[in-house]
Amino acid sequence: MKNFAIYLVLLCIGMFFSACGIGGVKIVIPTYTAPKEAAKISKIQTKDEFISDDAYLALWINPDVKNTQKTNKKLRSLLINNIKAKFTQTNFITLDPFGSDDGVSLNMEIGSYSYTDNGNKISLSLEVIFILSRGVDEFLVKTYSDRINRQSKDKTKLPTEYELASDAVAKVARYFVSDISPLKTNQLREFKYMPKDLKAVIPYAKNKNYKGAIKLMNRYDGKKDKNFHYNLAILYEAQASTTENMKLLKRAQSNYEISMSLGGFDDKLIINAKSQFDKFYDLLDRTKQQDKINQALRDNRNSMIGSSEDEYK
């Protein structure tokens, strides 16, 4: 009888929240991580009055990856391709196709590599040394490693050596690039309570139709309290971070601030979300500005490549 009474109470509570609204739903949105070795970024800055009035950030990747154990070329190609892909995610640091004595170069060395196949159990370990230098000045030397173990009763379900190596290389490449450049990642955002008239917003948000969700919110003519503006801020942030639209980010910022002014300053969830948003806003703004400066170098190098090709026509 007691258990039945508890069941009725829980049922009533569920029906109450179902009728009144919904809260606690989470969505995943894109964001950026800050570089861990931010102090070293100034060492990568380069000024050339013939290219740009501002200092661009660029480096040349040395294709000659040192390899003490003489592993196959595929591993070296994996490493170079992963590094290039990580840098071009944001273009905060652009890649210079031409090395120069006064430019910044990235040298890499595969310190150790091993792969073991014991039938139903396989393992792989990798260590890579990254060296950033300008001339003879090696201003950043970092070593990263990864070890992967996999086992299965069915050997055919185990990944290949190449697949394991790809995962390990991707991880160490990300470790290095995240030291000196913002990188894309994901964060969770949790909605506050929404009245029943806005329940349709949730499926829109879960399906990443943020534009449709925002329209529903803006049509709402009920009470627009701290929860309302906080939820709207999340939606603007989600749409803006997906498209990297600074105008939409400013709308997100405005709604976060309104939510704070309506009492959000006393709500941990709102405070934490706004803190994470502020960091992302600052990182994206700086990255966009730096990318514009770096574009001058890319234009210059593209023109040089075009001129070289014309000579051979």
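Coordinate-derived values only; no laboratory data. Small disclaimer: the values here were computed from a predicted structure and weren't measured. When we count neighbours, we look across all protein chains shown, and the Cβ atoms used for this are built from the backbone with ideal geometry, even at glycine.
Here the relative contact order of the range 33-185, from alpha carbon pairs under 8 Å that lie six or more residues apart, stands at 29 percent.
Taken about its Cα centre, the chain carries a charge dipole of roughly 1760 debye when the Cβ of each Lys and Arg holds +1 and the Cβ of each Asp and Glu holds -1.
Counting only Cβ charges, +1 for Lys and Arg and -1 for Asp and Glu, the dipole size of the range 150-252 around its Cα centre is about 500 debye.
Assuming charge only on the beta carbon of Lys and Arg (+1) and of Asp and Glu (-1), the dipole of the range 33-185 about its Cα centre is about 980 debye to the nearest 20. Kindly express, to the nearest 10 degrees and within the range 0 to 90, the angle between helix 246-261's C-alpha long axis and the longest C-alpha principal axis of the chain. That helix lies at roughly 40 degrees to the long axis. Just to confirm the number: angle between the C-alpha axis of helix 268-311 and the first principal axis of the chain, 0 to 90 degrees, nearest 10? Long axis of 268-311 versus the principal axis of the chain: about 30 degrees. Separation of the range 83-98 and the range 216-239 by C-alpha centroid, Å? That distance is 37 Å.
Note on semi-axes √(5λ) of the Cα gyration tensor in Å: of the candidates (1) 46, 30, 16; (2) 29, 22, 18; (3) 25, 21, 21, the value calculated from this structure sits at (1). Each residue in E49, E237, E37 was given a count of other beta-carbon atoms within 10 angstrom of its own, and listing them fewest first yields E49, E37, E237. Name the residue farthest towards the positive end of the dipole of the chain from the options I180, I258, G24, assuming +1 on Cβ of Lys and Arg, -1 on Cβ of Asp and Glu, about the Cα centre. It is G24. Beyond 28 Å in Cα-Cα separation lie the following of the pairs K206/K292; K224/K274; K215/K247; K40/K73: K206/K292; K40/K73.
How big is the Rg/Rh ratio for the range 33-185, C-alpha atoms only, Rh by Kirkwood, two decimals? Present the calculation step by step, with values, prior to reporting the outcome.
Details: Rg = 17.4 Å, Rh = 16.7 Å.
The Rg/Rh ratio comes out at 1.04.
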